[in-house]
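> Pasting a structure here, questions to come.
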Amino acid sequence: MNPLPLTTFPVSAAPRLTDSHGRVIHDLRVSITDRCNYKCVYCRDGESGSQYPELGIDEYLRLIRAFVSLGITKVRLTGGEPLLRRGLLELVQELASMQTLEGRQLDLALTTNGHLLDKLAAPLKAAGLNRVTVSMDAVDPETFERITRVPGSFKAVLGGVRAALAAGLTPLNINCVLLRGFNDSQIEGFARFAREEGVVVRFIEFMPLEEGRLWSPEIVVPLAEIIERIDRVLPLVELPARDAGETARRYGFADGVGEIGIIAPVSQAFCGACSRVRLTSDGKIRTCLFSQVEHDLYGRLRAGAGDAELRAYIAHTVQGKEARHHIGEPGFLKPSRSMVHIGG
Ligand code: SAM
């Protein structure tokens, strides 16, 4: 993208964030650390420690406020593992008091591995968080801990899920990334788990975003296969999407008890309906998970940019959002950072 001539992008000309493909962007994902207490085999290469700096809580707030003033209505905190981040409760409290352009409360969600949720669910709810998504890649403790590489992690996460339900952080989504040969044995078990625990389990197709080199088309368990396997033991009915930008295809069980979802970015890409941008823990805007370039919003703030300049920079950057990803196509390049460092 060309260097930005700020003066040519007055905010008044961009009251809502849109891109050059006509999509309206109203969903912001903010990574608040790239540290993680798990080393999931399909994500991390086994090394620990973060690679990128974190901003201060006040700095995240200033940047998020600029996005919200441009029409963002939903903010999801992520990482790394966001529950590791000092100052999280204060951040949630401030975000919960932020108003959208329509004068409503922000829709405020958080994605976590759930390891520390047992203790934090109630304080997060009290601080104003609306919902959590917990990542869980197996319902069998042994398989689970082979993936996370952390002993005792299954019990901790199950405790976290139950604490979040008790605290009213609902509807509670469980996200499960499926990899053939690793955890595809868990599909039917997860369907039962969704019904028994009162959670929505969402299976996610594995994308080439890992630190190592594991991804291949064969390792992806596609949507059609997941549906067929569950439907064989617990008949499913497809449910209507709740809104146009919804990433998950929704299915209910035919007896009316429970729901699952499938997020199929590989076999049935939904880029045309993407309403999302990301802010990395070091304050860079990523307009697509698979971007090759990042845009240094924090650099602008550090250089002394005022709010109007930050807004103009965001509006200009979002205009350049990529049309779609190119997973599986010849010449596909992995993005410049892996999932744990982008913010999932
Ligand atoms: N630590 C938090 C957690 O575990 O939810 C937030 C960050 S984690 C990177 C966010 C989500 O990205 C998790 O659900 C994880 O399973 C998912 N994820 C990581 N690598 C992925 C990949 N290559 N393809 C699809 N999802 C992935």
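> With a 4.7 Å Cβ cut-off, tell me which Cys residues in the chain come up empty for a partner.
C36, C176, C271, C274, C288
> Taking just the alpha-carbon atoms of the chain, what radius of gyration and Dmax come out, in angstrom?
When restricted to Cα atoms, the chain yields Rg and Dmax of 19.6, 60 Å.
> Work out the length of the dipole vector of the range 6-342 about its Cα centre, built from +1 on the beta-carbon of each Lys and Arg and -1 on the beta-carbon of each Asp and Glu, and round it to the nearest 20 debye.
580
> Going 7 Å from the Cα of E90 in the Cα-to-Cβ direction, what parts of the range 46-67 have a backbone nitrogen less than 19 Å from that spot?
Only 54-66 fall inside the zone, counting backbone N under 19 Å.
> I've got another one for you. Below 10 angstrom from the Cβ of A164, what's the summed charge of the other residues (Lys, Arg +1; Asp, Glu -1)?
+2
> Next question, about the same structure. Note down the magnitude of the dipole of the range 162-282 about its Cα centre, charges +1 on Lys and Arg C-beta and -1 on Asp and Glu C-beta and zero elsewhere, to the nearest 20 debye.
The dipole of the range 162-282 has a size of about 180 debye.
> Taking the alpha-carbon centroid of each part, what is the distance from the range 150-192 to the range 36-88 in angstrom?
Cα centroid to Cα centroid, the span is 21 Å.
> Do the sum for the chain: with -39,500 (n - 2.57) for every DSSP H run of n ≥ 4, divided by all residues, what is the mean residue ellipticity at 222 nm, to the nearest 500 deg cm²/dmol?
Rounded to the nearest 500, it is -8500 deg cm²/dmol.
> Considering only DSSP beta bridges where both residues belong to the chain, give the percentage that are antiparallel (nearest 5).
Given both bridge residues lie in the chain, the antiparallel proportion sits at roughly 35 percent.
> Here's something else I'd like to know. Can you compute the modelled spin-label distance between S97 and R229, with each label point 7 Å from Cα toward Cβ, in nm?
Output for this residue pair reads 4.8 nm.
> Using amide H atoms built in the peptide plane, which far-off residues or other-chain residues are under 5 Å from S135 H to H?
Close amide H contacts, sequence-distant or interchain: T112, N113, G114, N175.
> Past 26 Å, Cα to Cα, is the threshold; run K284/K334; K119/K284; K125/K155; K39/K119 against it and keep the listed order.
K119/K284
> Which three extents, in whole angstrom, do the alpha-carbon atoms of the range 233-317 cover along their principal axes, largest first?
Over the range 233-317, Cα extents along the principal axes are 58, 24, 22 Å.
> Let me ask you something else. Taking the highest mean first, how do the peptides 320-326, 190-196 order by number of other beta carbon atoms within 10 angstrom per residue?
190-196, 320-326
> Oh, and also: Which three extents, in angstrom, do the Cα atoms of the range 33-169 have along their principal axes, listed largest first?
Cα spread of the range 33-169 along its principal axes, largest to smallest: 47, 35, 21 Å.
The numbers here are math on the coordinates, done by the rules we state, and not lab data. These numbers were taken from a predicted model, which means no experiment stands behind them. Virtual Cβ from ideal backbone geometry, glycine too; neighbours counted across all protein chains shown.
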